[in-house]
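Asker: Below you will find the structure I want to go over with you.
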Amino acid sequence: MAIRTHTIEGIARKASRDSAAGKLAAFPAGSIVGVYQNRIDAVGAAVQISVESPETKVWVASGEEASFKIRAARSARSLLAKLAGGLSDDEAFVEHIVDQARTGQAFLVLHADDRDYLPRLTGASHVVEFGRWTTREVARR
């Protein structure tokens, strides 16, 4: 029987990944979301982006767990962020992404502090950019 041990470093890394995923699940201003037919394609795009731009934060998710995390992160936003989202098409795009996740499609969320870097999300059926003041669909196949 194997005994699993957890180091403080390992636990801290996992907590860091979970909190980063939680922040990206809220689709913060400056994030880009690509919807993919399957998780393999989304992970492939995430790896490519991580190689091209290591400082870019990425999160790949799908299914009910992803839709739950998105809803939880969106409800935990500040009142100002909720009001701003309510005045735009923000929530319609979020609902579309959540519906796609529930049907088994995967999505990739990325956020880069460098706004000059806009990667091509090859293979994505939809790409949505959540800007500071607007939300727009960048590409649709």
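The values are calculated or read from the model by the stated rules, or taken from the named source; none is laboratory data. Small disclaimer: the values here were computed from a predicted structure and weren't measured. Virtual Cβ from ideal backbone geometry, glycine too; neighbours counted across all protein chains shown. We work out accessible area using only protein heavy atoms, side chains counted, and drop any ligands, DNA or RNA first. Shrake-Rupley method; radii C 1.70, N 1.55, O 1.52, S 1.80 Å.
Asker: Residue check, R77 against (1) out of contact with any strand residue (DSSP E or B) (no Cβ under 9 Å at 6 or more places or on another chain); (2) at pLDDT 80 or above; (3) in a loop (DSSP other than H, G, I, E, B), all met but one. Which one?
Answerer: R77 satisfies all of (1) out of contact with any strand residue (DSSP E or B) (no Cβ under 9 Å at 6 or more places or on another chain); (2) at pLDDT 80 or above; (3) in a loop (DSSP other than H, G, I, E, B) except (2).
Asker: Please verify whether E64 is farther than 21 Å from R120 by Cβ, modelled with pLDDT of 80 or more and open to solvent by 90 Å² or more (accessible area, probe 1.4 Å), treating the condition exactly as stated. Before the answer, list the steps.
Answerer: Working: farther than 21 Å from R120 by Cβ: yes; modelled with pLDDT of 80 or more: yes; open to solvent by 90 Å² or more (accessible area, probe 1.4 Å): yes.
Answer is yes for this residue.
Asker: Now, a different point. Can you list residue pairs whose Cβ atoms sit under 7 Å apart, with the first residue in region 121-140 being farther than 18 Å from S50 by Cα and the second being surrounded by fewer than 18 Cβ atoms within 10 Å (Cβ to Cβ) and basic (K, R)? Count only pairs 6 or more apart in sequence or on different chains.
Answerer: These pairs meet every condition: S125/R141; H126/R140; E129/R136.
Asker: Pick from Q105, Q48, Q100: which is farther than 18 Å from R136 by Cβ, buried (at least 21 other Cβ atoms within 10 Å of the Cβ), modelled with pLDDT of 75 or more and not hydrophobic (A, V, I, L, M, F, W, C)? Break it down into steps so the answer makes sense when it comes.
Answerer: Working: Q48 fails: buried (at least 21 other Cβ atoms within 10 Å of the Cβ); Q100 fails: farther than 18 Å from R136 by Cβ.
Criteria check complete, one pass: Q105.
Asker: Moving on. In this structure, is R71 modelled with pLDDT under 80, closer than 18 Å to K23 by Cα and either open to solvent by 60 Å² or more (accessible area, probe 1.4 Å) or of a type in the set (S, T, N, Q) (or both)?
Answerer: yes
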